[in-house]
Amino acid sequence: MFGLSRREFLLGSAGTAAAFAAGGLVAGSAQAANHALTLSSLDHGIVPDTVTRNMMSFTPDGVPPVLRLKQGAECAIDVTNALDEASTVHWHGLRIPNHMDGVPYLTQNPIEGGQTLRYAFTPPDAGTFWYHPHCNTLEQIARGMTGVLVVEEAEDPGFDRDLPLNIRDFRLGGDGQFIDFYKPRNAARGGTLGTVSTVNWKVEPDYELEAGSLVRLRLAVTDLTRVGTYAIRGAEAVVVALDSMPLPQPVPARDIQLAPGQRADVALRVPDGEDSVAELVLMKSSGPKVLARFRPRGATAGRDLRELKPLPANPVPLPDLANADVLEFVFGWSPGGDAPRASICGSLGYTFWSINRTPWLGDVPGPLDPLATMKLGKSYILRLRNETPNDHPIHLHGVSFRLLRSNKREVPPLVTDTALLQREETMDVALVADNPGDWAFHCHVIEHQKTGLAGFLRIEG
Ligand code: C2O
Ligand code: CU
Ligand code: CU
């Protein structure tokens, strides 16, 4: 089904052959797939005593799957689309070749129902990532299609257990059935929140963990909309990585602010004693809401958080700030009047938002103009200006960036794929344009993305 586009072919023949050789686009490639996903519809119970019809997942069995890859090891993932609509899979946060990035028309043709596409790449960074469709994104994610992607460090960091927590809401009525996935008036503001909070598709799940052991909790917020503050209560716990990137110093696992798409790796020291219970909570204005519980079991393993070695840094290049060009981006309202284009990847029928006064009009075949073009290997400062009264988690594919400064607050010196811009905040971030291609650049509140707050940046060699 999916051949190389002319642009990819030209890029490939122009000297990025090595990058393409690592990919799996060649039909009939002899390389064995080590993973397989099947985009499926299913009925599954989320709210007790109900069965939610027409959910979607990457497996047909009602468990959001966790994909485990190894840093620096080539992998192949065969994606079969068993839905009766088109889709693509995007590997959020992975710095991999552009043609594996899963963005319809920008990097590949949509995978039609009944077709299989092999994605193949070598993850350069270790950490907690996730994957999701990038076609009809609002509805497919709303129905359930998200998965945590773990890239394991080459060297075992010494935890007793590794526990991915896929954190998200669903919009369900009392009968457990989906209600409208969003409301237009909310899409033009902060976004539409879900009605039922879940972890790994369960409401307030309990995890039994070995008493006194060290557990790596991999928090991944795969929600469409919610910018939330999370905390671990009732146990010693520290954040060791944010958005896949190890922190120079662990910080207590309190006030962890995560926007849609963001992740936190938390080292949890399970309490001793079977009567204690630790909790993952979401801090709401009404008070903390328990999302999951961790219950110690058995005699204590007697471990100590100080036994953990720091996680090794990922090989993200350091930008050359003295010689960086500044590129400006303004995130604002849509100038108005533009009707979105029909797309097999879905349209909400509205444009409310824009980047540099240009609303993204939908996922349609190109040619499309980039918001900016960067030169391969050069350093850039992106000046991100939010002129709206809403929060926007601005996400860039393919390249990680460093937070430099903000006009509103101290920003930690994090390396990330998402900058959470608060209302009327301007933030500078810096990157080395080291990955050639057309990289999606959008707000990760999916209603904003789907009503104009999207575009792409080009890196050309
Ligand atoms: Cu989770 Cu375009 O990204
Ligand atoms: Cu992404
Ligand atoms: Cu937004």
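Between Glu328 and Arg409, how high is the FRET efficiency from 1/(1 + (r/R0)^6) when r is the Cβ-Cβ distance and R₀ = 22 Å? Nearest 0.05. Approximately 0.65, to the nearest 0.05. A dipole drawn for the chain from +1 and -1 charges on Cβ atoms has a positive end, and of Val316, Thr128, Thr52 the residue lying farthest that way is Val316.
Backbone N atoms of segment 349-376 closer than 13 Å to the 7 Å Cα→Cβ label point of Ala339 belong to residues 349-351. Put Trp360, Trp439 in order of accessible area, highest first, and with a 1.4 Å probe you get Trp360, Trp439. Compared with the alpha-carbon gap, the fully stretched path from Glu155 to Arg383 is longer by 78.4 nm at 0.36 nm per residue. The spacing between segment 398-454 and segment 169-199, judged by their C-alpha centroids, is 25 Å. Beta bridges per DSSP, both residues in the chain: antiparallel share near 70 percent.
Between the beta carbons of Ser285 and Gln422, assuming R0 = 25 Å, the FRET efficiency works out to 0.95 to the nearest 0.05. Which value, in debye to the nearest 20, gives the size of the charge dipole of the chain about its Cα centre, when Lys and Arg are +1 and Asp and Glu are -1 at the Cβ? About 780 debye.
Taking packing as the residue-averaged number of other Cβ atoms within 10 angstrom, the listed peptides 95-107, 169-181, 234-246 run from highest to lowest as 95-107, 234-246, 169-181.
What accessible area per residue comes out for the chain, rounded to a whole number of Å², with a 1.4 Å probe?
Per residue, the chain has 39 Å² of solvent-accessible surface.
Over the chain, DSSP H runs of length four or greater, each weighted -39,500 (n - 2.57), average out per residue to a 222 nm ellipticity of -1500 deg cm²/dmol. Charging the Cβ of each Asp and Glu at -1 and of each Lys and Arg at +1, and nothing else, the dipole of segment 161-307 about its Cα centre rounds to 540 debye.
The values are calculated or read from the model by the stated rules, or taken from the named source; none is laboratory data. These figures come from a predicted structure and were not determined experimentally. We place every Cβ from the backbone using ideal geometry, glycine too, and count neighbours over all the protein chains shown. Just the protein is used for accessible areas: all its heavy atoms, side chains included, with ligands, DNA and RNA removed. Shrake-Rupley method; radii C 1.70, N 1.55, O 1.52, S 1.80 Å.
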